[in-house]
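Here is the structure we will look at.
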Amino acid sequence: MGEQRDEATQGALMYPLISKLHEDFPGDVGCWAPYLMYYIQLKPGDAIYLASNLPHAYLSGDCVECMACSDNVIRAGLTPKFIDVPTLVEMLDYSSYTKDQLLFKPQLEDENSCVWRPPVPDFAVVKIKVEGGDSYNTRLRNSPSLLLIVGGEGEACDSEPIAVRPGIAIFLKASRQLTLTPKPDSYLETGPYRSGVNKSQPVRVPLRDVTNDNALGLEHPPSAYGIRTVAPAAKSHSRTVTSKRRTPGREFLLTIDILE
C-alpha cells in the first residue's frame, strides 16, 4: 500500500520526467520547467500551435515542426549553449493559455486529405493518404508546397512521373497540381504537405527527430532541443533546395526534388 501511494505521489509530482531531465542536463534550471509549463503528450494526428515568444521544448517522440521563417531563436534552458537572459526576459510572452487554446484539430478537405490550419496566415499542413488501385490529384493552392512521403510506394507526377517512397520530399510550385499514384499492392501517405499561405513569408519545415527509444539510431538525449522561444524574423531568407541539420554525432540531410 505504501509503495502504491509513493508511485501515485511521484506521478502527481512528475518525478519520472523531472528525473530524466536532470539526468540529461544535470543542474540545469530548465529541469524545473514542467512545473511552470504545460506537459502535453500528443497522439498521432494531434497538433499544437505555438505563437512567437512562447517558450517550448520537445522532450521525446517524432514530430514535424512547421514554422514561419525566423533567425531569432532565444534559448531558455535544457541546453549547454549560451542563454541570453536579458533578451529572453524582455521578449518572452508571459500570458497564460489553456491547453484548448494551444491544441487544434484538422479539418476534412475530402476523403483523401485533411488540413491543419493554425490561427496565422503563414502556413498550413495537409495530410494525404491514397490507397492502392486509386490515384489522387492534389488541390490547387496559391502558394508553393513541400510534400514529404511518410508511407507506401508509388509515383508522383506533375510534368513527368518520379518514383516516391518514405523519406522523399517534393517541392511543388504555386498553382500546380500533383498526381499521386500508389503501387497496386501499396498506398501513399504524405505528412506534412505544407502550403505556405502567405507568399511573402517563407516557411521552414525542420524535421525534429527527438525519439527517446532510439528507433532512428539517434545519439543525443531526447530533450536535446531544449527550451527555447522564437521571435518574429528580423529578415527574410530565400528557400534552399538542400539543407542540413547537425546534432551531436549525427548529420541529417534533406534533399528536395523540384518539379518544373
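Computed quantities for the displayed model
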item: Residue check, Glu131 touching a residue at least 40 places away in the same chain (Cβ under 8 Å) and more than 20 Å from Cys63 (Cβ to Cβ); result: yes
item: Pairs with Cβ under 6 Å, 6+ apart, first in segment 107-123 and at pLDDT 90 or above, second exposed (fewer than 13 other Cβ atoms within 10 Å of the Cβ); result: Cys114/Leu108; Val115/Gln107
item: Count - residues of segment 162-179 that are under 23 Å from the mean Cα position of the chain (by Cα) and either among the polar types (S, T, N, Q) or not in a loop (DSSP other than H, G, I, E, B) (or both); result: 5
item: Filter result for Val120 (under 21 Å from Cys63 (Cβ atoms), aliphatic (A, V, I, L, M) and part of a loop (DSSP other than H, G, I, E, B)); result: yes
item: The listed residue being surrounded by fewer than 14 Cβ atoms within 10 Å (Cβ to Cβ) and in contact (Cβ under 8 Å) with a residue 24 or more places away in the chain, out of Pro161, Pro184, Pro166; result: Pro184
item: Search result, residues across segment 61-81 that are under 22 Å from His22 (Cα atoms) and either touching an Asp or Glu at 6+ places or on another chain (Cβ under 8 Å) or not assigned by TED's automatic domain parsing to the domain that holds Ala12 (or both); result: Asp62, Ile74, Arg75, Gly77, Leu78, Thr79
item: Residue match in segment 136-153 (condition: in contact with a strand residue (DSSP E or B) (Cβ under 8 Å, 6 or more places away or on another chain), modelled with pLDDT of 90 or more and at positive phi); result: yes
item: Candidates Leu146, Leu140, filtered to the one that is farther than 30 Å from Gly27 by Cβ, assigned to a strand (DSSP E or B) and not basic (Lys, Arg); result: Leu146
item: Considering residues of segment 166-211 that are aliphatic (A, V, I, L, M) and at pLDDT 55 or above only, the residue farthest from Gly132 (Cα to Cα); result: Ala174
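Residues checked against (1) in the same structural domain as Tyr136 (by TED's automatic domain parsing); (2) surrounded by 13 or more Cβ atoms within 10 Å (Cβ to Cβ):
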site	(1), (2)
Ile83	no, yes
Pro86	no, no
Val89	no, no
Leu92	no, yes
Ser96	no, no
Lys99	no, no
Glu111	yes, no
Val115	yes, yes
Pro119	yes, no
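The values are calculated or read from the model by the stated rules, or taken from the named source; none is laboratory data. If you're wondering where the values come from, they're calculated on a predicted model, not measured in any experiment. Positions of Cβ are generated from backbone atoms using ideal geometry, with glycine treated the same way; all protein chains shown enter the neighbour counts.
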